Amino acid sequence: MLRVAHACLANRVGRLALLAVGCSVSCIGSPPASESAPGDWTHYGGEAGSTRWSSLSQIDATTVQQVGIAWTWDSIDNAILAEGPAVRSLGFQVTPLAIAGVLYLSTSLSRVVALDGATGETLWVFDPEAYRQGRPPNWGFVHRGVAYWRRGDRSRIVHAAGNGRLYSIDAATGIVDPSFGDGGSVDLRDGLARLSASGQLGNSSPPVVWRDVVIVGSSIPDGARTTSMPPGQVRAYDVESGERLWTFDLVPPPGTPGSETWEDGASAVAGSANAWAPMSVDTERGMVYFGTGTPTNDFYGGHRLGDNRYAESIVCLRAADGVLLWSFQTVHHGLWDYDLPAAPILAELEIEGREGEGRIPVLIQLTKQGFTFVFNRRTGEPVWPIEERAVPASEVPGERAAETQPFPTRPPPFERQGVSVDDLIDFTPALRAEALRIVERYRLGPLFTPPIVRDEVVGKLGTLQLPGTSGGANWGGGAVDPESGRLYVPSIASPIVVGLVPPDAARSDFRYLRPGLERAEGPDGLPLLAPPYGQVTAIDLRRGEMAWQVARGDGPREHPRLRQLDLPPLGQVGRAGPLLTPTLLFVADGTSQTNSAGRWGGSRALRAYDPKTGVVVWSFDLPAQASGVPMTYLAGGRQFLAIAVSEPDQPQQLVALSLVEEGSAKVE
């Protein structure tokens with residue numbers, strides 16, 4: 001039962017398969033929302049197509065030097081997070097919405113907050129107390145945003161919380177809508193197969209809304225210790241009543257289309273294959289698009305032989321009824337945790353060589369492995385050919401890797417793929433010699449080289465996988481210029497080691513598991529591979545060609561063994577996401593999270609790049625490392641940039657920047 005209380009606050013989301021077919025609320029009130037305007041940021045990715053593009057231009061190439069901090073907001077979670085390790089957050093990863101100058105955001109602990117976009121004043125807080133119900137699955141206490149709906153004078157914030165419940169909140173007051181579901185929320189676990197514990201389903205990404213339909217994915221453990229797990233699902237609900245409208249199973253039940261690709265009836269047992277990342281909607285055509293993840297578990301699939309359709313796939317459904325329109329599998333029988341981590345980007349482009357077709361409605365999907373898949377989003381037809389190429393076989397007993405994997409012929413990969421000795425760090429002969437000794441412990445090979453069984457006797461600790469599970473690209477996604485047709489992608493080179501071991505039979509029924517996260521460390525905590533370690537790539541989507549690529553940030557240039565070498569920027573390891581305006585591309589370095597070299601290259605910089613050349617024209621030091629993706633909006637007639645920041649020993653904050661006195665920012 002929901003508890004609602006009022007109190008005054010202080011200021012403060014291959015193979016082509018085509019078918020025809022208890023909470024509390026505090027508030028001091030907020031102004032009513034208005035219709036969407038150019039100064040609004042109405043979806044996680046800016047608008048329903050997730051382009052991360054804004055036409056706002058008060059802050060441009062000539063005025064950006066006068067940008068500084070206008071206000072900061074300290075997360076209401078900070079006090080709880082400071083109490084100790086029982087409730088610990090991976091970071092403040094939200095991207096706010098902005099409607100008529102009001103910001104709406106979720107916190108790491110799944111609270112929802114409305115802020116005055118001009119001042120940062122807290123207008124209301126909605127607290128589902130989700131953190132009291134235990135740690136959410138997978139990455140725990142993280143949350144990336146909310147969705148917005150409006151009809152007439154009624155507006156709602158729709159929130160898929162970490163506790164597996166979907167809430168409808170009045171955007172003006174922060175009070176739940178009692179007519180929605182059971183007193184303001186619905187349980188996303190209702191009717192979910194093979195659910196054995198409440199903590200097996202949660203959400204970290206926002207839902208999407210098409211007309212009066214709310215569409216939401218799921219986050220179910222994909223690194224679980226048991227072979228029987230709940231299947232990932234995408235569900236739709238009526239935005240006003242909370243009635244469930246349809247369900248799409250990402251692990252197809254036995255006897256349904258696609259289940260034949262899960263051999264020996266595996267789809268009756270296997271789970272996950274989540275649609276955990278942000279989604280996109282073609283509002284005109286009524287089509288919803290999303291990417292999916294690896295089935296349980298991420299690195300061993302001996303219990304789920306076959307391609308495992310709808311896992312690690314791009315899926316297009318009819319938003320009104322959930323009918324499958326088309327899908328494409330980007331990884332067959334996944335063994336690498338190559339989830340599709342970013343919202344599909346929807347754009348209208350003219351493609352060179354196909355001028356007679358005019359502007360084609362395209363879908364652009366970025367991947368962890370560094371690919372850019374481009375499709376006609378109406379039909380699922382690839383814009384450029386996608387080849388099935390032979391890949392290495394698995395040596396793990398009971399495993400059978402797919403014989404081929406899909407490779408786009410255009411655009412070229414935006415990140416390095418696979419590892420050979422030629423890729424090792426080589427700033428000095430001594431560093432290279434040490435790196436050669438280190439990689440003797442690993443299996444090297446091209447992209448899609450499968451994991452191996454860890455063998456301490458012969459000294460092979462695992463397969464060196466590049467890109468690792470953080471990408472390539474990740475949930476920060478990319479940005480597209482609707483005029484030039486250029487795509488901008490921040491990415492990282494973050495290798496990991498995957499060595500499988502037989503688990504304790506008393507704790508797991510898997511034959512093999514990955515025992516834990518192991519990063520590929522180089523000499524003295526330096527990266528094992530040569531740079532760049534983080535970069536930004538511009539891709540000309542009209543031609544399917546790379547336009548430019550630059551290292552993002554200094555990286556470990558100040559490491560004692562590199563300091564005297566006068567090296568150029570090496571690139572910062574850390575997830576990042578872009579914001580694109582007519583004259584500037586904004587990218588923050590992102591939170592360092594891969595290996596000990598991060599302490600040498602840790603950066604708090606938010607940079608503005610010239611989109612035409614990749615040259616840095618402005619850099620600003622944030623109070624902490626960026627953990628969210630930047631967005632922009634208008635409030636009180638001023639353009640603001642906003643970005644969430646956090647570090648383990650720093651408070652979680654939302655930072656808003658705007659034009660202030662000259663000298664507030666520094667030029668790199």
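The values are calculated or read from the model by the stated rules, or taken from the named source; none is laboratory data. The structure presented is a predicted model; accordingly, all values stated were derived computationally and were not measured. As a convention, Cβ positions derive from the backbone with ideal geometry for all residues, glycine included, and neighbour counts pool all protein chains shown. Surface accessibility is based on the protein's heavy atoms, side chains included, excluding ligands, DNA and RNA. Shrake-Rupley method; radii C 1.70, N 1.55, O 1.52, S 1.80 Å.
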Using a cut-off of under 14 Å, list every residue of segment 492-532 whose amide N is near the label point 7 Å from the Cα of THR226 along the Cα-to-beta-carbon line. 506-510
Tell me the label-point distance for the pair ARG400, GLU260, using the 7 Å Cα-to-Cβ offset, in nm and rounded to one decimal. 1.6 nm
Using a simple charge model, +1 on the beta-carbon of Lys and Arg, -1 on the beta-carbon of Asp and Glu, nothing else, what dipole does the chain show about its Cα centre, in debye to the nearest 20? 560 debye
Taking 0.36 nm per intervening residue step and subtracting the Cα-Cα distance, what contour gain separates GLU381 from ASP182 on full extension? 67.4 nm
Ranked packing of 530-537, 407-414, most packed first, by mean Cβ within 10 Å: 530-537, 407-414
Ranked output for segments 66-73, 563-570 by mean other Cβ atoms within 10 Å, highest leading, reads 66-73, 563-570
Starting from the amide H of ALA588, placed 1.01 Å from N in the peptide plane, find each other amide H under 5 Å away whose residue is 5 or more places distant or on another chain. GLY577, ARG607
Roughly how many nanometres apart are two label points built 7 Å out from the Cα toward the Cβ at GLU240 and MET546? 5.2 nm
What relative contact order, as a whole-number percentage, does segment 345-443 give when Cα pairs under 8 Å and 6 or more residues apart are counted? 18 percent
Using the per-residue mean of other Cβ atoms lying within 10 Å as a proxy for protection, in what order, highest first, do the peptides 99-107, 478-486, 548-556, 450-458 fall? 99-107, 548-556, 478-486, 450-458
Once GLU352 and ASP509 are pulled to full extension, the length gained, defined as 0.36 nm per residue separation minus their Cα-Cα distance, is 51.3 nm
Rank LYS612, LYS460 by accessible area, highest first, at a 1.4 Å probe radius? LYS612, LYS460
Calc'd 3J(HN,Hα), segment 48-61, phi into Karplus 6.51 cos²θ - 1.76 cosθ + 1.60 (θ = phi - 60°), Hz, glycine/Pro = x, comes to 4, x, 6, 7, 6, 10, 9, 7, 4, 9, 4, 8, 9, 4
Put a dot 7 Å past each Cα toward the Cβ at ASP74 and ARG88; how far apart are the dots in nm? 2.3 nm
Calculated from DSSP H runs of 4 or more alone, at -39500 (n - 2.57) each and per residue, what is the 222 nm mean residue ellipticity of the chain, nearest 500? -500 deg cm²/dmol
Accessible solvent surface per residue of the chain, calculated while the other protein chains remain in place, 1.4 angstrom probe, Å²: 34 Å²
Just to confirm my numbers, what's the Cα centroid distance between segment 116-175 and segment 268-313 in Å? 25 Å
List the residues whose amide H sits under 5 Å from the amide H of TRP548, counting only those 5 or more places along or on another chain, with H placed 1.01 Å from N in the peptide plane. ALA538
Can you give the relative contact order of segment 57-132 as a percent, counting alpha carbon pairs under 8 Å and 6+ residues apart? 21 percent
Taking amide H positions as placed in the peptide plane 1.01 Å from N, state which residues far from LEU529 in sequence (5 or more) or on other chains have amide H under 5 Å from it. ILE425
Kindly state, to the nearest 0.05, the FRET efficiency for ARG359 paired with ASP190, given R0 = 41 Å and r defined as their beta-carbon distance. 0.45
